[in-house]
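A short worksheet on the structure shown next.
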Amino acid sequence: MKKKFAIRLKFTLILLTSLLMFTSCTTYKTVNKTFENSTAFRQGFSGLVVYDPETNKTLYEHNAEKYFTPASNIKLFSLYTGLKILGDSVPALEYFYNNDTLVFSGTGDPSLLNPDLPDSRVLHFLKNIKAPLAYIPPVTEEKIFGPGWAWDDYNSYYSVERTPLPIYGNRVSFQQKQGSEAMKVYPASFKDSLFTETPAGASQSGIKRDQGKNRFVFYPYQKPGFLNQDVPFKFSSELLVKLLSDTLQKEVRIFTGAVPASAEKNTVYSIHVDSMYKRMMEVSDNFIAEQILLLASKTISDTLNAGIAIRHMKENFLRDLPDEAYWVDGSGLSRYNLVTPRSMIKLLSKIEKEVPRERLFNMLATGGKSGTLKNSYIAEPPYIFAKTGTLRNNHSLSGFLRAKSGKILIFSFMNSNYTVPTSEIKTQMELILRNFYEVN
């Protein structure tokens, strides 16, 4: 009796295994046919890797070794940098006393008076200092834009300048309610820098900043409507101390003396790092991504320079990537960045080892729920937790897929040089990833 039961059990297991293999093979053939026949993929270039971390097996690969423009998928490298170099809290200021004056410098922390992040402890610290305050600019500053950024994007919300001590997210917010002539400006210090002009052409509307200075021009819409626009401001040390003086309601000056060799520097910490990481990953905040690299470089050296952080990570933590990452900035705005899907898989595997899944998934955009995936990959419960990346003619999605069985898979789906609308690429990507959700 026992022998017959054992034989039946063995036969059942073989049958189930065969059925799963057949289903998987059918799925993978369907995916291959989609790549071959879909008009969305026909002229562009696509790559996909799906990996099972539990069995350490690659379940599917298509152009896994080819290089793609990752766009904001490069923020996964910035996240890994923060996880490896920064602690639990963000270092915000370095300071020392020079006679009776508290002299402070920036570390790249993006949180000071940033409306998208929790209140920074820095403001409370500076408010409660009774001594005179002086800001010391860094000896050498990082270039305000990253390598390969589009120079004429300076007016766009996603192209904020990289600076040693950001304030207000390094941008000005303009809001005007429909039917109202009143313009709300935040921070209010920029109200006197706003001017209204009649547009020269029908297409000119909204707020436009002069390229080299903080002069903002409002071109009214042809049909009055609601205005809500964020515009990067032109950063300078002089502007920083002015904004700080206005906010603290006490004088902050620029320190011009030499730093004493005997100066004992202390560090003020601002917010928990997860608030910063979640904002970067969920809504793809370019500004925070760039500042994370500056924070990391300041932590491992005395210089604010993204290249220092990138070199450190590549030499110490990324040598085992299947293919070298051509990585030049923190946000992915640069088209100089190039990464292969299989290297993205390796990176995601490394990130997963640094943080528990629940914490990690909470940072990422969630299909049908939050961030850049709120309106796509809809399911209950959610099955996609990932980072999007989009530049014109390029779209990528890399992250984690929770299959119907509960199994967690890691995937990287990258597309470059297509000419169809990105919406068509996304539709086909969703069909393909849904297949892996159903059969695993």
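May I ask you to derive the relative contact order of the chain, considering only C-alpha pairs under 8 Å and at least 6 residues apart, and to give it as an integer percent?
Answer for the chain is 24 percent.
To the nearest Å, what is the center-to-center distance of the range 392-440 and the range 247-308, using C-alpha atoms only?
Centre-to-centre (Cα) distance: 35 Å.
Considering the options Asn128, Tyr186, Val31, tell which one lies farthest towards the positive end of the dipole of the chain, charges being +1 on Lys and Arg and -1 on Asp and Glu at the Cβ, about the Cα centre.
Val31
Per 0.36 nm of contour for each residue apart, how much would the distance between Ala258 and Glu36 grow if the chain were fully extended, relative to their Cα-Cα spacing?
73.4 nm
Among all stretches of the chain without exposed GluC sites (Glu not before Pro) (DSSP loop, at most 14 other Cβ atoms within 10 Å), which one is longest?
Formally, the longest exposed-site-free interval is 325-440.
Each residue of the range 153-164 in turn: what ³J(HN,Hα) in whole Hz from Karplus with 6.51, -1.76, 1.60 and θ = phi - 60°, glycine and Pro shown as x?
8, 4, 8, 8, 4, 8, 10, 6, 5, 8, 9, x
Please give the Cα centre distance for the range 103-133 versus the range 312-352, rounded to the nearest Å.
So the separation of the two Cα centres works out to 32 Å.
So, taking all protein chains as they sit and a 1.4 Å probe, how much accessible area belongs to Phe125, in Å² rounded to tens?
Result for Phe125: roughly 40 Å² accessible.
Just to confirm a number: summing +1 for Lys and Arg and -1 for Asp and Glu over residues other than Glu251 whose beta-carbon lies under 15 angstrom from that of Glu251, what do you get?
Value of the local net charge: +2.
Using a 1.4 Å probe on the protein chains only, how many percent of the accessible area of the chain belongs to carbon and sulfur? Show your work: numbers first, answer last.
Values: 10840 of 21400 Å².
The value for the chain is 51 percent carbon and sulfur by accessible area.
So, with +1 on the Cβ of K and R and -1 on the Cβ of D and E, and no other charges, what is the size of the charge dipole of the range 288-440 about its Cα centre, to the nearest 20 debye?
That gives a dipole near 240 debye.
For a quick check of understanding: with a 1.4 angstrom probe and all protein chains in place, what accessible area in square angstrom does Phe190 have, to the nearest ten?
The value for Phe190 is about 10 Å².
For Ile308, Ile288, give the ranking by accessible area with the largest first, probe 1.4 Å. Spell out each step's value before the answer.
Details: Ile308 40, Ile288 0 Å².
Sorted by accessible area, descending: Ile308, Ile288.
The values are calculated or read from the model by the stated rules, or taken from the named source; none is laboratory data. Predicted model, so just to flag it, every value in this text is computed and none were measured. Cβ sites come from the backbone with ideal geometry, for glycine too, and all protein chains shown count toward neighbours. The area values use the complete protein model at the heavy-atom level, side chains included, leaving out ligands, DNA and RNA. Shrake-Rupley method; radii C 1.70, N 1.55, O 1.52, S 1.80 Å.
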